[in-house]
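Data first, discussion second: the structure below is written as structure tokens.
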Amino acid sequence: MSPAPASPADRPGDEFCRIFTPGPVPIPRYILDIGARQPPYFRNDAFSAVLLECEQRLLAFSNAPPGSRVVFLAASGTGAMEAAVMNLLAPQARAIVINGGGFGQRFVDLCRHHAVQVEEFVPDDNLAATGGLDDCGPAEALLVNAHETTTGVLYDLAALGEFCRRRALLHIVDAISMFMTDPLDMTAQHIDALIISSHKGLALPPGLAMVVLGPRALHCLRPKRAVAHYFDFPTYLRDGERGQTPFTPAVTILLQLQARLQAVAATGMTAEIARTQRLAEYFRAAIPAWPLALASRFMPNAMTALTPTDGRKACAIVRELEQRYQIQVAPNGGALRDLVFRVAHMGEQSEADADVLIHALNHYYGSSS
Ligand SMILES: *Cc1c(COP(=O)(O)O)cnc(C)c1O
């Protein structure tokens, strides 16, 4: 095979737009390097050690209660959402779903698909006060996307956890777009199942999703029949005891996960969260110069959602940034298409990277107003 032509790009991925999207996110060099290597065989002790180490570190980073376990799925985040619904909720079970946008709607759709009876709760704030939820009928579980990525709202997981504890609800949290960028604590926030995936705050390529199961979630698996073949949690848990998965795992991404978790362990999760927070604040400090307003009062560190205040369409700004500046921010779909676009702060980004977007927006508004 002839060698691949040298890329003229000085940054990996520079042949594409520079991304500020909520997945994929810019990936650190040491993670990209692992992706360039031959994936190893995985049915052996060496690979089992990788999986077991990843499990222990994820349990520590989420402060999971003793006895918690992790299921590793070769899937995008939605695969883990569906797997959680199938394994933790029986048909006809009742669930409250916080539906504040596209990802809340996805939980609604998944539940309905699996014949779970859904009571939707459409929030108008971050649910720090859960009073409105008191009117919800009896249920077995509450499902929430900790950060509703379509609108940039970060919900108050402590308040929701307390509500779940009071009502004895299984607290199922999709933390995909806030894990590693915003504080999270399964024990303090009474979270029973935590859904995460590789390509947001973890800053790995897409294709690996995980569900951290606390003791209460593990307990409610037991009496049930196998609800799926590929997504059957008990099978993953049994094989996982020896560091294996029932089917071929996302081998390379797991090696990348191991390296990433080791790196975060070295500096500390708090430092990683603080780094993202500083970056978000740095970007947000520039916003007053543009005819843009924050789309949410409850934003995570992970992302800034913006609304044009001068009548321009959000989707047009996204297109201009892409075509004129080779910068990719995230558009929205549906009703939010014209109203909101999003800038992610996840992954390998520095103030200098944020400056590229800031300068582009300065130029865009300066040259076309
Ligand atoms: C990105 C994301 C997901 C997963 O979406 P996939 O396209 O399946 O990876 C799920 N929930 C939230 C809140 C997300 O931001």
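Each value in this text was obtained by applying a stated rule to the coordinates, not by laboratory testing. Because the structure is a prediction, the values reported are computed rather than measured. A quick note on method: Cβ atoms are made from the backbone with ideal geometry, for glycine too, and the neighbour counts reach across all protein chains shown.
Odds and ends about this structure:
- Highest to lowest packing among 33-41, 322-330, 86-94, scored as the average C-beta count within 10 Å: 86-94, 322-330, 33-41
- Fraction of alpha-carbon pairs over 27 Å apart in the chain - percent: 48
- Label point 7 Å beyond Cα of ASP124 along Cβ direction - residues of region 269-301 with amide nitrogen under 17 Å: 296-298
- Alpha carbon convex hull of region 26-181, volume per residue in cubic angstrom: 143
- For LEU142, LEU32, LEU255, order by how many other beta-carbon atoms lie within 10 Å, fewest first: LEU32, LEU255, LEU142
- When the helices of the chain are scored as -39500 (n - 2.57) per DSSP H run of n ≥ 4 and the total is divided over every residue, the value at 222 nm lands at -11500 deg cm²/dmol.
- Taking every DSSP bridge with both residues inside the chain, close to 50 percent are antiparallel.
- For region 37-83, the alpha carbon positions stretch 33, 25, 17 Å along the principal axes, listed from largest to smallest.
- Across region 135-265, Cα-Cα pairs more than 20 Å apart make up 52 percent of the total.
- Gyration tensor over alpha-carbon atoms, region 225-264, equivalent ellipsoid semi-axes in Å: 24, 10, 9
- Taking 37 °C and 0.692 mPa s as conditions, region 222-330 diffuses translationally at an estimated 177 µm²/s according to Stokes-Einstein applied to its Kirkwood radius (Cα pairs).
- Segments 334-341, 183-190 sorted - mean Cβ within 10 Å per residue, highest first: 183-190, 334-341
- Efficiency of FRET between GLN56 and ASP185 - r from beta-carbon atoms, R0 22 angstrom, step 0.05: 0.80
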